[in-house]
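Only one structure is covered here, and it is reproduced in the block below.
Coordinate-derived values only; no laboratory data. The model shown is predicted, which means the values in this text are computed figures rather than measured ones. Ideal geometry is used to build each Cβ from the backbone, glycine not excepted, and the neighbour counts take in all protein chains shown.
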Amino acid sequence: GVAAAGLKCVSSAMTTLLGGFVNVVGPNVSTAARSALPSLATPGLASAIVAFGAAVTVGVAAAVTRRRSKPSALRDGLNPTIDMQMLSSFPFVHWLWQHVYAREECLAFTEGRLSLGNLQQAWQQHFEFGVAPHNQMEDEILFPIFRELPEGSVAIGRLEQQHHRLDALAADVDRFLARGQWVEAQSVMGVYGRAYIEHVNLEEALLIPLCQHLSQPTVQKVSLQIKTFVKNAPGSTLALCLFGEVCTRYPELESQYRRGFPAFLRAVLIPTLRVVNPLYRRHRAIFG
């Protein structure tokens, strides 16, 4: 109805805005900003100004309606075994932020907080749009780099063994969901959730300290590869919305967010996407 038409108009306005932003600023746009923006046709300056007003309006609305910060005592998405100073200086932030919201999703699985009717979509959002591409990124980009470091081969071997176990549990979930066996699927999702949280906690405990052995050129190269992978992966816009959410809820991640994303993305684009993106709106409805 009217709401859908309004969201469509805002989405169109955002396209115009982003095109104007890229073409007016031109070569001064940072690499980080360009990597997050789609390729757009050149709009008129007047249209860009109008679109900017619409985008800012929606961005403000998103900021007003975003989820409240969790109490400081609740650190559900963070690894309790990792030193927070080490965590905040970790360079591969996209990888780390995906762990944060994946943990929160897995807690919903383990605590049985999802209705049976939401299991199919919850699993799709967590696995198809999250864990599956995340694991592919690890296999193709991160693990080969870490395997060459001192003690890296042993660490990667342990993590790959856990990947195999998690893949088997994920296959069981897929099978039960395909058969409509919701209670069985919910039970296995709980087992999977606990195993996944243990896995990413171990993954961070093993790999984050190893980063000290990486050269700065390697860090820059791998960071760009990860950023490009995330941009082109399934559910990339959902990931962008969730990055904005977790980084504004966990103070430990805010400095990474400010360093990694330009102010335009943090203040306008991402808050607006959190209003207009249907996958994110569905994620919020399912996981809270």
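Quick one: check the C-alpha center-to-center distance for the stretch 262-283 versus the stretch 162-218, whole angstrom.
That distance is 27 Å.
Roughly how many debye, to the nearest 20, is the charge dipole of the stretch 146-288 about its Cα centre, given +1 on each Lys and Arg Cβ, -1 on each Asp and Glu Cβ, and no other charges?
On the way: 17 positive and 13 negative charges, 139 e Å.
For the stretch 146-288, the charge dipole is close to 660 debye.
Please state the charge dipole magnitude for the stretch 72-155, taken about the Cα centre, from unit charges on C-beta atoms (+1 on K and R, -1 on D and E), reported in debye and rounded to the nearest 20.
Taking the Cα centre of the stretch 72-155 as origin, the dipole is about 220 debye.
Averaging sequence separations of C-alpha pairs under 8 Å and six or more residues apart, then dividing by the length of the stretch 164-288, give the relative contact order as a whole percent. Before the final figure, lay out each step's value.
Numbers: 49 pairs, mean separation 20.0, N = 125.
Over the stretch 164-288, the number comes to 16 percent.
Sticking to Cα atoms, compute the Rg of the stretch 190-243 to one decimal and its Dmax as the biggest Cα-Cα distance, whole number, in Å.
In Å, with Rg to one decimal and Dmax whole: 14.4, 41.
Loop-only check: which GluC sites (Glu not before Pro) in the stretch 122-152 are DSSP coil with at most 13 other Cβ within 10 angstrom? Intermediate values should be presented prior to the final figure.
On the way: sites: E128, E138, E140, E148, E151; in loops: E148, E151.
Here the sparse-neighbourhood loop sites are E148, E151.
Just to confirm a number: summing +1 for Lys and Arg and -1 for Asp and Glu over residues other than R258 whose beta-carbon lies under 13 angstrom from that of R258, what do you get? Please report the intermediate quantities before stating the final value.
Working: positive: R259, R266; negative: E252, E254.
Net local charge, R258 excluded: 0.
With the cut-off at 1.5 for a/c, could you classify the stretch 133-288 from its C-alpha gyration tensor as rounded, prolate or oblate? Each step should come with its number before you reach the end.
Values: a/c = 2.05, a/b = 1.05, b/c = 1.96.
Oblate is the answer for the stretch 133-288, as a/c is 1.5 or above yet b/c matches or exceeds a/b.
Starting with the highest mean, order 153-161, 273-281, 213-221, 253-261 by the number of other Cβ atoms within 10 Å, averaged over the residues of each peptide.
On the way: 153-161: 14.9, 273-281: 19.4, 213-221: 12.1, 253-261: 17.2.
Sorting 153-161, 273-281, 213-221, 253-261 by mean packing, highest first, produces 273-281, 253-261, 153-161, 213-221.
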